[in-house]
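Student: Before we start, here is the structure in question, set down as structure tokens.
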Amino acid sequence: MSKKILVATEKPFAKSAVEAILKVFNEANYETVLLESYTSVDQLKEAIKDVDAVIVRSDKLTADIIESAKNLKIAVRAGAGYDNIDLDAASKKRIVVMNTPGQNSNAVAELAFGLMLYIARRGYTGKDGTELRGKTIGIHAYGYVGKYVAKIAKGFGMKIIAFDPFIDKKVMLDDGVEPVDSVESLYKNSDYVSIHLPLVSQTEKSINYKLLSLLKRGATVVNTARAEVVDEVDLMKILEERSDLYYCADVAPTNRKEFEDKFGLRVFFTAKKMGAQTVEANNNAGIAAAKQIVNFFANNDTTFQVNKF
Ligand code: 3PG
């Protein structure tokens with residue numbers, strides 16, 4: 001039976017990814033509606049009201065929007081983090097929510113190194129910098145992105161440690177990564193801490209003053225995960241107290257200007273969240289999302305479902 005699919009991307013996919021998604025849905029005989037670079041929630045509400053499935057990126061699917069989606073059976077987040085989707089609201093309506101784990105992870109990991117190099121080379125100003133070789137990188141959460149970060153760090157000749165209570169230590173050891181027993185130990189012993197936590201209630205503001213104050217002299221914290229996992233007030237406080245620390249992020253704090261004005265080259269934020277904004281990552285995540293939708297309708301495949309009902 002034919003289906004109507006919405007691709008709602010406030011931050012559009014690369015052109016090749018859009019073409020590939022359309023191809024998957026055309027072959028399945030589905031109708032596709034593209035809503036790109038939209039500027040108001042009402043546009044999304046209007047577009048989602050009669051579709052059977054939706055693909056989103058960081059686009060917010062709030063309870064209100066989900067309520068207006070009268071025919072929706074499946075929502076796929078083309079990416080890893082699904083903190084932008086109200087899972088309870090979706091589950092109440094028996095809407096399957098999926099993500100596409102691993103598909104854009106290399107892009108995010110590469111950007112983490114782009115940020116580290118920017119800080120290490122003092123914003124490419126020509127001022128004396130430092131090298132990554134021989135430094136210790138602490139990977140905070142060892143999921144798909146963390147794994148890619150470890151791979152790249154090896155090439156840079158870094159010592160790699162990681163903390164993740166949900167991952168078997170053997171997985172890290174097999175990758176040549178030294179697991180540490182506590183998050184405190186990670187922050188104490190790293191020259192670079194790279195954050196790869198998902199945003200859930202337990203991780204929100206979990207990177208706080210207590211943890212940040214343990215950082216080694218001259219350390220840099222790199223956040224390509226979510227702004228909300230770092231307590232911004234505490235971050236400001238520690239950067240004020242310790243002029244040896246650096247912070248860079250693909251997910252800027254809400255008061256980014258204050259950080260930039262106060263700390264200059266000790267902080268850096270990308271113009272907009274762009275970790276996964278590569279042609280390759282868009283192709284991978286977009287095609288995976290489209291195929292997961294086809295597979296769901298054709299075979300009832302719920303492999304990547306993240307909600308329960
Ligand atoms: C993710 O969770 O997959 C990344 O944060 C990418 O988000 P984006 O699709 O908004 O770029």
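The values are calculated or read from the model by the stated rules, or taken from the named source; none is laboratory data. None of the values given here were measured: they were computed from a predicted structure. Here Cβ is always computed from backbone atoms with ideal geometry, including for glycine, and neighbour counts include all displayed protein chains.
Student: Kindly provide the set of residues from the stretch 30-52 that are among the charged types (D, E, K, R) and closer than 11 Å to ALA8 by Cα, ordered by number.
Tutor: The answer is GLU36, LYS45.
Student: Return yes when VAL54 is in contact (Cβ under 8 Å) with a residue 60 or more places away in the chain, within 16 Å of the ligand (Cβ to nearest atom) and under 25 Å from the mean Cα position of the chain (by Cα) and no when it is not.
Tutor: no
Student: Then there's this: Just the residues that are out of contact with any helix residue (DSSP H, G or I) (no Cβ under 6 Å at 6 or more places or on another chain) and in contact (Cβ under 8 Å) with a residue 40 or more places away in the chain, please, taken from the stretch 113-127.
Tutor: If the condition is that a residue be out of contact with any helix residue (DSSP H, G or I) (no Cβ under 6 Å at 6 or more places or on another chain) and in contact (Cβ under 8 Å) with a residue 40 or more places away in the chain, then LEU115, MET116, TYR118, ILE119, ALA120, THR125, LYS127 are the ones that fit.
Per-residue answers, yes or no, for (1) closer than 15 Å to ALA288 by Cβ; (2) within 16 Å of the ligand (Cβ to nearest atom); (3) of a type in the set (Ser, Thr, Tyr):
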{"position": "ILE5", "(1), (2), (3)": "yes, no, no"}
{"position": "ASN26", "(1), (2), (3)": "no, no, no"}
{"position": "LEU35", "(1), (2), (3)": "no, yes, no"}
{"position": "SER40", "(1), (2), (3)": "no, no, yes"}
{"position": "ASN71", "(1), (2), (3)": "no, no, no"}
{"position": "ALA78", "(1), (2), (3)": "yes, yes, no"}
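Student: In the stretch 296-309, which residue that is part of a helix (DSSP H, G or I) and closer than 21 Å to ILE85 by Cα is farthest from the ligand (Cβ to nearest atom)?
Tutor: Taking the candidates together, the pick is PHE297.
Student: Here is a check on your reading of the model: is LYS216 over 18 Å from the mean Cα position of the chain (by Cα), away from the ligand (no atom under 16 Å from the Cβ) and in the same structural domain as GLY143 (by TED's automatic domain parsing)?
Tutor: yes
Residues are listed down the side, and each one gets a yes or a no for (1) assigned by TED's automatic domain parsing to the domain that holds VAL56; (2) more than 30 Å from ALA289 (Cα to Cα); (3) aliphatic (A, V, I, L, M):
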residue	(1), (2), (3)
LEU111	no, no, yes
MET116	no, yes, yes
ALA141	no, no, yes
VAL149	no, no, yes
GLY157	no, yes, no
LYS169	no, yes, no
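Student: Any residue at all in the stretch 266-289 that's within 16 Å of the ligand (Cβ to nearest atom), crowded, with 22+ Cβ neighbours inside 10 Å and either in a loop (DSSP other than H, G, I, E, B) or at pLDDT below 95 (or both)?
Tutor: Checked against the condition, which is being within 16 Å of the ligand (Cβ to nearest atom), crowded, with 22+ Cβ neighbours inside 10 Å and either in a loop (DSSP other than H, G, I, E, B) or at pLDDT below 95 (or both), the stretch 266-289 yields at least one hit.
Yes/no matrix, rows are residues, columns are (1) closer than 19 Å to VAL229 by Cβ; (2) free of Cβ contacts under 8 Å to residues at least 40 places away in the same chain:
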position	(1), (2)
THR100	no, no
ASN106	no, no
GLY129	no, yes
GLY143	yes, no
VAL149	yes, no
ILE160	no, yes
ILE167	yes, yes
MET172	no, yes
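Student: When you go through SER40, SER68 one by one, which is the residue that is under 19 Å from VAL97 (Cα atoms) and out of contact with any Asp or Glu (no Cβ under 6 Å at 6 or more places or on another chain)?
Tutor: From the options SER40, SER68, the qualifying one is SER68.
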